[in-house]
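The values are calculated or read from the model by the stated rules, or taken from the named source; none is laboratory data. Computed from a predicted model, the values in this text were never measured in an experiment. So basically every Cβ, Gly included, is an ideal-geometry build from the backbone, and we count neighbours across all protein chains shown. Areas reflect the complete protein model, heavy atoms only, side chains present, ligands, DNA and RNA absent. Shrake-Rupley method; radii C 1.70, N 1.55, O 1.52, S 1.80 Å.
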Amino acid sequence: MDLAAIAELDRRLGIPGSARIVAGNGGLAKVLIASPDAAGEMYLHGAHVTSWQPRGAGEVLFVSSKARWEDGGAIRGGVPVCFPWFGSKADDPRAPAHGFVRTKAWQLESIVRAGDAVTVSMFTESSAETKRGWPADFHLAHRATFGSELTLELAVRNTGKTSLCFEEALHTYFRVGHIEKARLQGLNAVLYLDKTDSNRKKTQQGPIVIVSETDRVYLNTTGAIALEDHSLRRRINVAKENSFTTVLWNPWVEKAKAFSDFDDDEWMQMLCVETSNVSDFAVELAPGQQHTMRSIVRIADL
Ligand code: TA6
């Protein structure tokens, strides 16, 4: 989108003093939120939230200093939207990881201020191009509310004549002071698939401390989690609705080095906790039906 088009979008949908549409990194269009309750950013590219800072608090989301900002690529950090499959595509190993909506521009539908919070709504939908990779008719909306809480809603509508099945994840990168001083509560006794151990099924015992590469899918869990950060002395609470899996990821040392869009030491500053419906909990949607998954993030002092 060129600067003139961004300015036109700002004229049509911007809210002076609260939300402006400007050119961000790589010239990609973004919505910049500055409300009494919070500051934030959301790119049209991938409907990707890259910043949320509630008033009086530090930045809650991690974005890599080496992130790439380009059409066709995925932004390393913030909240990538994974849809309609998670990880690699079961029947096509050449298909892009985590689906195709995080690497393309979405449409900005509206920006609404309610009280001191601002809600930004974006959408994307099926096209001849998307059907080449995934032959389904769909409408996908991502609504982000920036306030004293961050609420993310992912709404899928089946606009076709046949049933569709999809996986989804809000692949959120949380910023931590130092990963070795973080603990995760809320997944005790939950079954998980350990992707670092051939997807072996295991049961979580007690709180989680990250001491090596971690890549897990917690199954059949609808509860909230609390990320306790003893370095930044804060607790990040993530509640969720209509989500039956939680993915946990930290690349640790070696995987971090392997990524060209991630700095070698940045594994210490982030943890992905992903509100999702993946694996055995993929969603089946009949024609005309809609499914909405929600993630609600709050922070508190520790
Ligand atoms: O969510 C965890 C995960 O699926 C890991 O397996 C790892 O690959 C990570 O996502 C990052 O994926 P990306 O395609 O963004 O490099």
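Here are Glu59, Glu8: which of them is open to solvent by 10 Å² or more (accessible area, probe 1.4 Å) and touching a residue at least 12 places away in the same chain (Cβ under 8 Å)? Exactly one of Glu59, Glu8 is open to solvent by 10 Å² or more (accessible area, probe 1.4 Å) and touching a residue at least 12 places away in the same chain (Cβ under 8 Å), namely Glu59. Within the stretch 3-17, is even one residue farther than 28 Å from Val176 by Cα and assigned to a strand (DSSP E or B)? Yes, the conditions are met somewhere in the stretch 3-17. Note on the stretch 29-47: residues that are surrounded by 20 or more Cβ atoms within 10 Å (Cβ to Cβ) and either part of a strand (DSSP E or B) or hydrophobic (A, V, I, L, M, F, W, C) (or both) total 12. Evaluate the following for Thr50: is it part of a loop (DSSP other than H, G, I, E, B), among the polar types (S, T, N, Q) and within 16 Å of the ligand (Cβ to nearest atom)? No: the conditions fail for Thr50. Close contacts from the stretch 241-254, counting a first residue that is of a type in the set (D, E, K, R) and a second that is part of a strand (DSSP E or B) and more than 9 Å from the ligand (Cβ to nearest atom), with Cβ to Cβ under 6 Å and a gap of 6+ residues or different chains, come to Glu241/Arg294. Which residues, taken from the stretch 227-250, are in a strand (DSSP E or B) and more than 16 Å from the ligand (Cβ to nearest atom)? Residues satisfying the conditions are Glu228, Asp229, Arg234, Arg235, Ile236, Asn237, Ala239, Glu241. Candidates are the residues of the stretch 178-198 that are outside any strand (DSSP E or B) and polar (S, T, N, Q); the one that is least open to solvent (accessible area, probe 1.4 Å) is Thr196. Of a type in the set (Phe, Trp, Tyr) and over 21 Å from Arg175 (Cα atoms), is that true of Phe281? For Phe281, the condition - of a type in the set (Phe, Trp, Tyr) and over 21 Å from Arg175 (Cα atoms) - is met.
The residues listed here are Arg216, Arg298; of these, the one that is touching a residue at least 40 places away in the same chain (Cβ under 8 Å) and part of a strand (DSSP E or B) is Arg298.
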